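Here the structure comes first, spelled out in structure tokens, and everything after it is commentary.
The values are calculated or read from the model by the stated rules, or taken from the named source; none is laboratory data. All values reported here derive from a predicted model rather than from experimental measurement. Note that we place each Cβ from the backbone using ideal geometry, even for glycine, and neighbour counts take in every protein chain shown. Surface areas here come from the heavy atoms of the whole protein model, side chains and all, with no ligands, DNA or RNA. Shrake-Rupley method; radii C 1.70, N 1.55, O 1.52, S 1.80 Å.
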Amino acid sequence: MSDAIVVGAGPAGALLAYMLARRGVPVTLLERQTDFSREFRGELLMPSGIAAMHEAGLRQQFDALPNLPIGTVQIFRGERPVVTFPIDGLPVSPRVVPQPAMLEMIVAEAAKLPDFKLERGVTVRDLIYEKDRVIGIRADAHDGPREYRGDFVIACDGRASVIRKRAALPQDRIMQGFDVVWGHVPGQFPDGRTARAYIGNGHLLIMYPSPEGHTQIGWVIDKGNFGDIKRMGERWIDELAPHVSPDLRQYLAANKTGLARPFLLDVICDRLREWTAPGLLLIGDAAHPMSPVGGQGINVALRDAVVTSNHLGRALKMREDEATLDFAARNIQAERWPEITTIQDMQQIGPRLLLSNSLLSRVIVSAPMIAFAKTFLANFIARRFDPFLNGVTRVVMEL
Ligand SMILES: Cc1cc2nc3c(=O)[nH]c(=O)nc-3n(C[C@H](O)[C@H](O)[C@H](O)COP(=O)(O)OP(=O)(O)OC[C@H]3O[C@@H](n4cnc5c(N)ncnc54)[C@H](O)[C@@H]3O)c2cc1C
């Protein structure tokens, strides 16, 4: 028996379990994978997510991970460069950090604490109820079915959360018309510090270097078209050629054989109206899967973990009664709601403007308009999109 059962060791679950154990709350963290590198995971961290890692007390360990700060963002209109934004003047630069390394570091730090237990290779299947209250979960482990019971279950099992399905909590979905095809190309193109976006009519490609020595490419496609791309085999990369600059075209052609198999990010964006039920809380993607726009998912998941540790960690540590634990869980949703809804709403703007073929979109993605935006509207844009960098609310660890 554990006070807290945390399901899923992604950014939300791993950090939360670490923070609970640091408070002295006995916690069991259950993860279906035996190895963090078996899931395809995002790796771009914004200053808001970096600050959450620092708040959690892992500054030194986090800063020591392989990482690559992005120094410059270049925007292309088709094959032509239009603007270059230096961003190394920001107080904290967005950073590419391989997630498997980050998760291994967090659970290794947690394993130093007596109240932490991680069980890998355990797939949670269902919730256990007693008098309408969640009191544990049922799972499958390598040696057969198991049950885990505790004072509170926190579901951090990601965008396909089985706990969300079992709890049948109401949700609001924001329809998305696009998916993203991700691929790795060997080597850091163009210089190991620069991210690029190629914007065209109804077309968008983003790319950034990874500290693991490859370049990550994200190609936005119409929802449902991935089957056609997979059937092309490695020729899918040729489809990009007409939309990118000659240097990238050459680079892709030269590295085609080292290209990793494309991976589909089926874009969904929604949020549960209620993140809690008696004895249960959902956070991270399990409560609010984010659109990929602005690279927000990891960051808001880490920030959810800090806020959960503040409210629920404190209540569990004080051995509060059930009503107080449930109240603490509701306060977590109340505190996180303004940030999640603001960011999800902002995430809808870019695709609407960039990916449709309307006259307005064509004007907005025209080269003169992008250059104009850079020259005259830079401050406005920086202010308007600050939540993508720094979040909306103040998230600090409370003792
Ligand atoms: C291809 C791709 C690229 C992305 N790029 C970025 C990016 O650059 N920046 C960014 O901020 N976000 C990015 N994201 C989104 C980001 O990865 C997620 O929003 C973030 O990881 C959510 O964290 P989480 O802890 O809530 O869930 P997850 O990271 O999804 O973790 C859930 C964990 O639960 C485990 N699990 C699932 N089901 C069960 C079960 N039944 N039993 C036990 N364990 C279970 C999973 O194995 C996983 O480890 C990307 C996502 C994808 C798919």
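Only one of (1) touching a residue at least 60 places away in the same chain (Cβ under 8 Å); (2) within 30 Å of Val6 (Cα to Cα) is not met by Ala168, so which one is it?
(1)
Tell me, which strands (runs of 3 or more DSSP E) lie completely within the stretch 149-248 with 2 or more residues that are surrounded by 14 or more Cβ atoms within 10 Å (Cβ to Cβ)?
Working: elements: 171-173, 178-186, 194-200, 203-209, 214-222.
Hits in the stretch 149-248: 178-186, 194-200, 203-209, 214-222.
Yes/no per residue for (1) open to solvent by 50 Å² or more (accessible area, probe 1.4 Å); (2) at pLDDT below 90:
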site: Val300; (1), (2): no, no
site: Asn310; (1), (2): no, no
site: Ala315; (1), (2): no, no
site: Arg336; (1), (2): no, no
site: Leu355; (1), (2): no, yes
site: Val365; (1), (2): no, yes
site: Pro368; (1), (2): yes, yes
site: Arg383; (1), (2): yes, yes
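Out of (1) open to solvent by less than 70 Å² (accessible area, probe 1.4 Å); (2) away from the ligand (no atom under 16 Å from the Cβ); (3) assigned by TED's automatic domain parsing to the domain that holds Phe40, what's the single condition that is false for Tyr251?
So Tyr251 meets the others, but not (3).
So Asp285 ticks every box in (1) open to solvent by 40 Å² or more (accessible area, probe 1.4 Å); (2) farther than 30 Å from Leu316 by Cβ but one. Which box is left unticked?
Failed condition: (2).
For the stretch 47-88, give me each residue that is surrounded by fewer than 18 Cβ atoms within 10 Å (Cβ to Cβ) and aromatic (Phe, Trp, Tyr).
Result: Phe85, single match.
If you check every pair at least six apart or on different chains, which have Cβ atoms under 8 Å apart with a residue in the stretch 207-232 that is within 29 Å of Leu65 (Cα to Cα) and in contact (Cβ under 8 Å) with a residue 40 or more places away in the chain first and a residue that is among the β-branched types (Val, Ile, Thr) and part of a loop (DSSP other than H, G, I, E, B) second?
Cβ pairs passing all conditions: Tyr208/Ile70; Pro211/Val97.
Suppose the filter is within 30 Å of Arg196 (Cα to Cα) and away from the ligand (no atom under 16 Å from the Cβ); does Ile349 pass it? Outline the logic, then answer.
Values: within 30 Å of Arg196 (Cα to Cα): yes; away from the ligand (no atom under 16 Å from the Cβ): yes.
Yes, satisfied.
Being near the ligand (Cβ under 7 Å from one of its atoms) and surrounded by fewer than 24 Cβ atoms within 10 Å (Cβ to Cβ) is the filter; apply it to the stretch 11-35 and report the residue that is nearest to Gln216 (Cα to Cα). Lay out the reasoning, then the answer.
Taking the stretch 11-35 first, the residues near the ligand (Cβ under 7 Å from one of its atoms) are 11-13, 30-33.
Restricting the remaining residues to those that are surrounded by fewer than 24 Cβ atoms within 10 Å (Cβ to Cβ) gives 32-33.
On the way: Arg32: 26, Gln33: 23 Å.
Looking at the filtered set, the residue picked out is Gln33.
So which residues in the stretch 254-265 are open to solvent by 60 Å² or more (accessible area, probe 1.4 Å) and assigned to a strand (DSSP E or B)?
Phe263
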